[in-house]
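Derivation of every value follows stated rules applied to the coordinates shown; laboratory data play no part. Since the structure is predicted, the reported quantities are computational estimates derived from the model, not experimental observations. Quick reminder, even Gly has a Cβ in these numbers, built from the backbone with ideal geometry, and neighbours come from all protein chains shown.
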Amino acid sequence: MFSYYYFMATQDIPNSLIEVIRYFSDVDVCIEFVASLRWMEGVVCPHCESKNVGFLKTRRIWKCRGCRKQFSVKTGTIFEESPIALDKWLMAIWLVVNCKNGISSYEISRDLKVTQKSAWFMLHRIRLALKNGSWEKMGGNQGGACEVDETFVGGKLRNMHKSRAKALKMGAMGQPANSYHTRHANKTAVFGILDRESRQVRAKVVPNVKRETLQNEILKNIHHGSAVYSDQAVAYDKLKETYIHETVNHVNAYVEGNVHTNGLENFWSLMKRNLAGTYVAVEPFHLDAYLDEQMFRFNNRATKDNPLNDADRFMLAVSQISGKRLTYAELTGKVAETEF
């Protein structure tokens, strides 16, 4: 019962939003679908990892014959202790992974008939599931060249109230006297890497864009000896000691043969339009989660070499729900995050 291979062989997986609504209208189908993706070889107790379990059909839960504990399909996942039904959860996941510009908590609230606060909490738990926990180094002999670049996320001074803009400028007075620090006052630095061969991107919030910070990220994420392309920012000086490093001068041109960062600039453009158009205001504390969401959609987009469709992205997201837990106290920074 609840075998992944049996379920996939006997069910027509939904390929559109209307099919998802109809397909997951039955709570038993929802449970069977999540269980088949979570336990591909059969149900396993999340407490003691025993396979000797029995299903209590009237309560839609399992009981382990080893540790004698009861558990549901939500136990040990992003759904744990959530009173929201699985059909709404699965609908929310579908919308997040397949709406190219994301979907706000207010839209989720209206569509699923939950409070905006609950919808916001749901979205952050889904973003945790979309996060890729393990990274392999990019580039190398088997990979392609890599583009590296940094950007800043935040409001523009000219759009702020005069008093707030003045306060931010005064806060930057302790920095060297140039427009750079004033221009990026109140903004959050983000660093990214794009592997041209796999067309995969990685991005994360960084404390600053100093040489030590950015080059440490490059050393951790790119194979030594790889081709690395960047602009002429001083933070990328001396990369030639470890990589085949070439730069493009954006004052003169944006492309010089194969040397450019346009692939990564494309990701920045999509990410910023997503934040400005859909989410409007994002705290720096949560920005990494929004980057995880955008990276998931970008890295699993349909291409000639990787023809994923909406159903594929949805099933991949659902398969990643296990072993991840986020409480509201953790989300709001009141306690540290749960570790499994």
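Please find the FRET efficiency linking Ser319 to Lys162, where r is the Cβ-Cβ separation and R0 is fixed at 51 Å, and quote it to the nearest 0.05.
About 0.50, to the nearest 0.05.
Amide H of Ile244: which non-local residues (sequence gap of 5 or more, or other chain) have their own amide H closer than 5 Å, using H built in the peptide plane?
Counting only residues 5 or more places away or on other chains, the set is Gly225, Ser226, Ala227, Val228.
Viscosity 0.692 mPa s, temperature 37 °C: give me the Stokes-Einstein translational D for segment 207-255 in µm²/s, with Rh taken as the Kirkwood radius over C-alpha pairs.
This corresponds to a translational diffusion coefficient of 290 µm²/s.
Spelling out what I want: for every residue of segment 290-304, take phi, set θ = phi - 60°, compute 6.51 cos²θ - 1.76 cosθ + 1.60 (Karplus), and round to whole Hz; glycine and proline get x.
So the J values, rounded to whole Hz, are 5, 5, 4, 4, 5, 5, 4, 5, 5, 6, 10, 6, 6, 10, 4.
With label points built 7 Å along Cα→Cβ from the Cα atoms of Lys238 and His224, find their separation and express it in nm.
1.6 nm
In a Gaussian network model over the chain where Cα atoms closer than 10 Å are linked, find which of Met40, Met271, Met138 has the largest mean-square fluctuation.
Maximum among the listed residues: Met40.
List the residues whose amide H sits under 5 Å from the amide H of Ser198, counting only those 5 or more places along or on another chain, with H placed 1.01 Å from N in the peptide plane.
The list, which skips near neighbours in sequence, is Gly144.
Might you report the magnitude of the Cβ-based charge dipole of the chain about its Cα centre, with Lys and Arg at +1 and Asp and Glu at -1, to the nearest 20 debye?
1240 debye
May I ask you to evaluate 6.51 cos²θ - 1.76 cosθ + 1.60, the Karplus curve with θ = phi - 60°, for each residue of segment 148-154 and list the ³J(HN,Hα) values in order in whole Hz, giving x for glycine and proline?
Running phi through 6.51 cos²θ - 1.76 cosθ + 1.60 with θ = phi - 60° gives 10, 6, 10, 8, 10, 10, x Hz.
Calculate the radius of gyration of the Cα atoms of segment 226-308 to one decimal place, then report Dmax, the largest Cα-Cα distance, as a whole number, both in Å.
Looking at segment 226-308, its Cα Rg and Dmax stand at 15.9, 42 Å.
Using 0.36 nm times the number of residues separating Val251 and Ser198, minus their current alpha carbon distance, what extension gain do you get?
Value of the extension gain: 16.2 nm.
Would you list which lysines come within 17 Å of Lys240, measuring only between C-alpha atoms, while excluding same-chain residues fewer than 8 positions from it?
Straight-distance partners of Lys240: Lys220.
Give me the number: length gained by fully extending Ser25 to Ile13, i.e. 0.36 nm times residue separation minus the C-alpha to C-alpha distance, one decimal in nm.
3.0 nm
Helix 262-274 sits at what angle to the longest principal axis of the chain, using alpha carbons and giving 0 to 90 degrees rounded to 10?
60 degrees
Could you give the angle, 0 to 90 degrees to the nearest 10, between helix 116-130's Cα long axis and the longest principal axis of the Cα atoms of the chain?
Around 80 degrees separate the two axes.
Before anything else, pin down the relative contact order of the chain: Cα pairs under 8 Å, at least 6 apart, normalised by residue count, whole percent.
Result for the chain is 20 percent.
Fully extended, how many nm does the chain gain between Trp135 and Glu283 (0.36 nm per residue separation, minus their Cα-Cα distance)?
Full extension from Trp135 to Glu283 adds 50.7 nm.
May I ask for the angle, rounded to the nearest 10°, between helix 86-98 and the longest principal axis of the chain, with both axes built from Cα atoms and the value confined to 0 to 90°?
Compared with the principal axis, the helix lies near 30 degrees.
Would you mind computing, in nm to one decimal, how far apart the modelled labels at Ser269 and Asn208 are, each placed 7 Å from Cα along Cα→Cβ?
The answer from the label model is 3.2 nm.
Around Val148, with a cut-off of 14 angstrom between Cβ atoms, what is the net charge of the other residues, counting Lys and Arg +1 and Asp and Glu -1?
Here the charged neighbours net out to -1.
Using the 4.7 Å Cβ rule, please list in number order the cysteines from the chain without any candidate partner.
Cysteines of the chain left without a disulfide-compatible partner: Cys30, Cys99, Cys146.
May I ask for the equivalent-ellipsoid semi-axes of segment 12-153, computed as the square root of five times each C-alpha gyration tensor eigenvalue and listed largest first in whole Å?
31, 24, 15
Taking amide H atoms as placed 1.01 Å from N in the peptide plane, list the residues 5 or more away in sequence, or in a different chain, whose amide H sits under 5 Å from that of Val53.
Answer set, sorted by chain and number: Arg65.
Pop a pseudo-label 7 angstrom from the Cα along the beta-carbon direction at both Arg68 and Arg110 and give the gap in nm to one decimal.
5.2 nm
Can you pick out the pairs among Lys100/Lys131; Lys169/Lys334; Lys187/Lys334; Lys137/Lys187 whose Cα atoms lie more than 22 Å from each other?
Beyond 22 Å between Cα atoms: Lys169/Lys334; Lys187/Lys334; Lys137/Lys187.
What list of ³J(HN,Hα) values in whole Hz, one per residue of segment 233-246 in order, does the Karplus curve 6.51 cos²θ - 1.76 cosθ + 1.60 (θ = phi - 60°) give from phi, with Gly and Pro shown as x?
So the Karplus estimates, Gly and Pro as x, are 4, 5, 5, 9, 4, 6, 5, 5, 5, 10, 10, 7, 9, 10 Hz.
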